[in-house]
There are 2 protein chains.
Amino acid sequence: MRKLKITALLVAASLAVSSYAQSREHPNLIMTKTGVDQLRSNLGQVPLFDATVELVKAQVDAEIASGIHTPIPKDFSGGYTHQRHKLNFQVAQKAGNLYQITQDEKYATYIKDMLFQYEAMYKDLPIHPQERSYARGKLFWQCLNDSNWLLYMSQAYDAIYNTLTVKEREKLENNLFRPFADYISIENPQFYNRVHNHSTWGNAAVGMIALVMDDAELLQRALHGIEDDGLELGLKDNDGGFIKVAGQKSGFLANLEEPFSPDGYFTEGPYYQRYAMYPYLIFGLAMHNVKPEMKVFEHKDNVLLKAVDALLNLSDADGEFFPLNDGQKGMSYYSPELVTAVDIAYHYGKQDPKLLGIVERQNLVLLNESGLTSAIGVRDGKAKPFVKKSINFSDGADGKQGGVGILRYGNEDLTLVFKYAAQGLSHGHYDKLSYSLYSKGNEVLQDYGLSRFVNIQQKGGGNYLKENKTWAKQTIAHNTLTQNQTSHFKGSYETGSKFASDLHFYDDSNQSVQVVSATENNAYPGTEMHRTLAMIKHKNFEKPFVLDLMKVKSETKNQYDFPFYFMGQMIKKNFESTSPKKLKPLGKKNGYQHLYVESKGKPLNDTTQFSWLGDGTFYTLTTATDSADEIMLTRIGAKDPDFNLRREAAIMIRRNDTKDTVFASVIEPHGAYSFVSELSQNSNSNIEELKVIHNNDAYTAVSIKDLKGGSSVFILANKNASTSKSHQLKIDGKTYKWTGAYYFLEG
Amino acid sequence: MRKLKITALLVAASLAVSSYAQSREHPNLIMTKTGVDQLRSNLGQVPLFDATVELVKAQVDAEIASGIHTPIPKDFSGGYTHQRHKLNFQVAQKAGNLYQITQDEKYATYIKDMLFQYEAMYKDLPIHPQERSYARGKLFWQCLNDSNWLLYMSQAYDAIYNTLTVKEREKLENNLFRPFADYISIENPQFYNRVHNHSTWGNAAVGMIALVMDDAELLQRALHGIEDDGLELGLKDNDGGFIKVAGQKSGFLANLEEPFSPDGYFTEGPYYQRYAMYPYLIFGLAMHNVKPEMKVFEHKDNVLLKAVDALLNLSDADGEFFPLNDGQKGMSYYSPELVTAVDIAYHYGKQDPKLLGIVERQNLVLLNESGLTSAIGVRDGKAKPFVKKSINFSDGADGKQGGVGILRYGNEDLTLVFKYAAQGLSHGHYDKLSYSLYSKGNEVLQDYGLSRFVNIQQKGGGNYLKENKTWAKQTIAHNTLTQNQTSHFKGSYETGSKFASDLHFYDDSNQSVQVVSATENNAYPGTEMHRTLAMIKHKNFEKPFVLDLMKVKSETKNQYDFPFYFMGQMIKKNFESTSPKKLKPLGKKNGYQHLYVESKGKPLNDTTQFSWLGDGTFYTLTTATDSADEIMLTRIGAKDPDFNLRREAAIMIRRNDTKDTVFASVIEPHGAYSFVSELSQNSNSNIEELKVIHNNDAYTAVSIKDLKGGSSVFILANKNASTSKSHQLKIDGKTYKWTGAYYFLEG
């Protein structure tokens, strides 16, 4: 059945070939003829642009000197043949830029020679020998990387198009580009015809070569996908992600529609958004240049340009992206994809001077018109700092699949990232209502991120490690509630994909009391979770703190585990615990098998405290405990014979045999320690007591007594978050009246 | 007996009071009248000096605004009363500088008021309530901190001396300064009359106040100690250090003589050298100003100024001191003590422009003539980078107690710190022939340093933790050989203090093959250890590597443990090992009780390899193994219920039942990984085989086969290190001839 369809498409494709014609000027993708004229006339006058040209020249010239290498494909990511072919397309794209800018023939010759080497090779190239992928490529182990190749090489081809004879072009197109595009599309619909970052790359790659070749059929395929792909419903990829979902469209426009929320949040999370932004923006730009009438940049209320802003906001003070879902830590807005994204967003957006603040930090620009404009902006002193504020992003194509709330205080002195989003496709984690906390660029409470060493071949070929599934995706790996030692949705991707958490409210209108609150009723059927996070700057406290309320209501009695993955060295605790003589794993599955229990104990009083020193600041977790609670200090690393996991620690509250409860906690940064002055300042918590003073369906309230004599109260309206609704509540004989979703009495 | 002596001294001291006279001009310690005139006339013209004045003004003004607080002493380091009194003397000293520079009376008044508050308090002040110290202070828990107070306060007093009436001075001197000086000296000879950094502080403090008060008897006591202190031989302090050693002199001059080697290396190590430099240089400077005829700076061939240079050389590329012996990591040449040291060394030394390179980085200067000269030098563009090269320091007053050899390649791209020194007084570790390795400012193989959280009260009052003795000092905590699970000298300080290792040779004449080699025959009686470290830049290798040969010869069969405390995440290993289901400590004592065994196995071939990723660079340990060797991956953290230790890892080779052997290893940095570009370059070792091809009393030789087809040979002459001696050796039918201590064939 599927075979037949493909054959039909192939016929259609070869018919399209005959419509081939040289009807456009070149370059026309990310560079244009008039754009190139501008670049040339500005050479020597725009320091950042000139510096980038020199840097790229040095790289490309070194590669030209080393010769052209197109080895027979063999390795996984990180291996020689993989790295070599990757370098080839990156260098060829840059050589194309240089050819247009400098008009130096050597760059054109280099590209031409490389393309013909590929042309000679591709004809007879079998499918890549590594068999792990659900969609194996030819040059690389997966179609994804082949698509990278085509997207970059299209730009190189475009740059030297006019230097080639018609015959040469026909040879390249018939033997290399068209079969290449067909292979990653109609021969691999399971890769090409999805809503997924993989498909975005595939669609954009096919679209790019379609624009160079002026091939309407390929462009149609890029924009709208393969109409009848013959795929079965319910098919899954390597990561367990769905390939075919009923009623779902495909192609670039569908990929633009689906994964982005109206706010520009990308459902897979910032790490993958960063990766996907390149094909989105590059093909978006090419469409803007070649088919402006299609208004790709303006699609869905400018979602592509909004997404750049969203992505920048999804980073810490060092520009590193929050590792939500599968995210490798350390990836930042200094990556080449973001250089591309920021320059394009600046030039084609509203020329926001804050974007130039990022350009200045990146200290590199794209070698096209947008890069030039950005570099001119910097030269002319237009840059302003990209100040990040609190912000709430909706998730889902319609913006109704939960979201991510980011609370910030000061100049990113404290940043909280609260995830109440949708599953996030195949890269999602089972971490409903979890959060991470940053102080400037330092993690205070971490999100573990992925378990993978991207491109490091020795670590599972640079691919996802099995611990990504056994540990990183599991609920217990996150700062949220695990019930009965099972992950949310029992770790089922199918189930998780059906639901998203619900925002109760988000309110950053008062910088001193910023609140985000959301509920999750599907992760554990019969159990309702409601988490509220407030970032509070209290007059009696040196620094802002986070109040963390997790209200749980269940039809049954359960065991609740509630960890905090703190980053630093333990300084002090006020509970009794003992370290076992031998370290044993905490459990057998769902991530528990990877945790050692280094210490185990009981609260000594109702206000349990635990302090640590992380990156020059002291932090204290204060949490209201029951005498029956268990407190554990755990460390990652059990059942990890290959040392794939980082040996990091957590403190975990375990509450047994409980239906309804509230985990009420404060994370309080305080003081400082310098290893140079050796001065230890304010190393103790300022909290004397934290207490849940009221909890029913309608309201949850806590009191915080501090050591300066203050007594504060925070009350949450659990059911009605309307800002205009009036409330009245009597607690311990005292009546509180307020309007809105919450009440805070700074005592 | 002791009581009697003290009484006699007290009589002498009170006699000295009558010789009190105002015979000198003030200030005369670290500031002088002519110096102050210069400072004033240059105000507004020397940016770095002006900026420092402004910074200090802001600090002092804030303190003046907060009032003067002299609480009744109560706390350990890190506690309020400790911190407060510490801040007082620091601020008073600065206020003194400001008074002289700005002539603003408010600074003089502040100091005067504070001094009289102390005068009123001190008379009736009992000994500090905390009982832990072998020499309890009055304001602080130990005389050491009281000495800090007096040394700083003397400067403050000197600065406002001329603003006080004779009566006021008499009151302060009779009720505060003289009893204070007596208390830390004649009433605590066990603190004052030693060769130790504690005594240096005591001596300098007494000397400083002697110079202000022009008191010859106190000055005599400062310079030469207490003649008959009544102390018993063999007394020890809290750290287990000797207080009284037969025949040892005392006082400042003895402290200047004894702990410094002729090269300026301080036997306790750089962390304590940094701490001690302040009293050495401040009192040295005061003596230079008041008693230039005594030539303190010139003493022992300018050892004080040499010591500043030595200390700067004992730092990594970030300026952080190597944590030899008890050293807290993170302490660096950005500390206030080093600002003082570098400015004084520049001004009173040879005005070395490289020192200005450090001044520029410090971006702060001392508020006196040397600070002004340094700031003027920076302003006038005289600064040059402080380029650190390979260097060998002798240890011991006579330079014959072993030493520390530092090999560096490039611009601190690779730095090796080899310790073959003396015990290092009470802060010494049992770590003969151990080494640590750095790449720029990053640790590749670490020295654990001390186990203490200096000034963090929650951690044992900020004092040394018991784990300093049970872990940090033990041999197994270091990158060296442990025999039969016991530490060097059986961990006996008395025994260790009798011996030092012996340098075989040090040769950095060839940047591509730098070698340091030393022997240790006393750590384990009957066993000879001979370690040779070569930093080699080989044509077939991308980066320099370290060849590490530890030759062991013993009269008996032993178990040898040989760890490498690598910093980073394991990437690959070529031996078979399994992780136990439960983690158990490796042993019961001598540090072994703190190690978990995370994985245990056997070599699969004679060349065992282990790679890790640390700070963006790959590293591989290649080591020649026997099939009977055990290989363990260990982690610190067992028997540590208070989480005082850092959970860091090691790979350890265990060789059982062996008399003579060679541990031959290569530590090879290679490639790079970026979390932004995600490019993994050269992630595999270039070594195919490492083999010991010859080993007898006369020669030890290894061969290194690399993956580029090279085969290299390194031969060490074990007995004769003469550079002129000719050698000839036949190995596997091939004859090698060379002259000098070693031979390297780059094949």
Relative contact order for the stretch A:391-745, counting Cα pairs under 8 Å that sit 6 or more residues apart, in percent: 12 percent
Area accessible to solvent at residue B:192, 1.4 Å probe radius, in Å²: 0 Å²
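Tally Lys/Arg at +1 and Asp/Glu at -1 over every other residue whose Cβ is under 12 Å from the Cβ of residue A:304; what's the total?
Taking every Cβ under 12 Å from that of residue A:304, the sum is -1.
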Where chain A is the region considered: accessible area per residue in Å², 1.4 Å probe: 34 Å²
Solution diffusion estimate, µm²/s, Stokes-Einstein, the stretch B:262-329, Kirkwood Rh from C-alpha pairs, 10 °C, viscosity 1.306 mPa s: 127 µm²/s
Angle in degrees between helix B:369-379 and the longest Cα principal axis of chain B, rounded to the nearest 10: 60 degrees
Size of electric dipole in chain A: Cβ of Lys, Arg +1 and of Asp, Glu -1, about Cα centre, debye, nearest 20: 1500 debye
Largest-first ordering by accessible area, 1.4 Å probe, given options A:123, B:400, A:106: B:400, A:123, A:106
Charge context of residue A:642, other residues only, Cβ under 10 angstrom, K/R +1, D/E -1: +2
Separation in nanometres of the label points that stand 7 Å from Cα toward Cβ, at residue A:291 and residue A:106: 3.9 nm
Distant-in-sequence amide H partners of residue B:670 (H built 1.01 Å from N, under 5 Å): B:618, B:619, B:620
Dipole in debye (nearest 20) - the stretch B:270-337, about Cα centre, beta carbon charges: Lys, Arg +1; Asp, Glu -1: 220 debye
Residue-averaged [θ]222 nm for chain A, counting only DSSP H segments that reach four residues, each worth -39500 (n - 2.57): -9500 deg cm²/dmol
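Quick check on my link table: of A:459/B:573; A:473/A:639; A:384/A:539, which ones sit more than 21 Å apart, alpha carbon to alpha carbon?
Details: A:459/B:573 11 Å; A:473/A:639 16 Å; A:384/A:539 31 Å.
Long pairs (Cα-Cα over 21 Å): A:384/A:539.
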The protein assembly as shown, accessible surface, carbon-and-sulfur percent (1.4 angstrom probe): 50 percent
Nearest-10 value in Å² for the accessible area of residue B:235, using the 1.4 Å probe: 70 Å²
Angle between chain B longest axis and helix B:143-160 axis [Cα atoms, degrees, rounded to 10]: 50 degrees
Charge dipole of chain A about the Cα centre (unit charges at C-beta), most positive-ward option of A:729, A:192, A:35: A:729
Size of electric dipole in the stretch A:391-745: Cβ of Lys, Arg +1 and of Asp, Glu -1, about Cα centre, debye, nearest 20: 660 debye
Share of Cα-Cα pairs in the stretch A:391-745 lying beyond 40 Å, as whole percent: 9 percent
Cα Rg, Dmax (largest Cα-Cα span) when computed across the protein assembly as shown, Å: 35.4, 117
Rel. contact order, % - alpha carbon contacts under 8 angstrom, at least six apart, chain A: 8 percent
16 Å Cα-Cα reach of residue B:537 towards aspartates and glutamates, excluding residues that sit fewer than 8 places from it in its own chain: B:412, B:413, B:507, B:508, B:548, B:668, B:706, B:746
Between 0 and 90°, nearest 10: helix B:2-17 axis offset from chain B longest Cα axis: 50 degrees
Residue-level accessible surface for residue B:440, protein heavy atoms, 1.4 Å, Å²: 80 Å²
Label-to-label distance, nm, for residues given as residue B:33 and residue B:66 (7 Å Cα→Cβ offset): 3.7 nm
Flagged links, alpha-carbon separation over 26 Å, of A:86/A:112; B:490/B:553; A:553/A:691; B:543/B:737; B:112/B:249: B:543/B:737; B:112/B:249
Cα gyration tensor shape for chain A, rounded if a/c is under 1.5, else prolate or oblate: prolate
Radius 14 Å from Cβ of residue A:42, net charge of other residues (Lys, Arg +1; Asp, Glu -1): -2
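The values are calculated or read from the model by the stated rules, or taken from the named source; none is laboratory data. Since the structure is predicted, the reported quantities are computational estimates derived from the model, not experimental observations. Virtual Cβ from ideal backbone geometry, glycine too; neighbours counted across all protein chains shown. Surface areas here come from the heavy atoms of the whole protein model, side chains and all, with no ligands, DNA or RNA. Shrake-Rupley method; radii C 1.70, N 1.55, O 1.52, S 1.80 Å.
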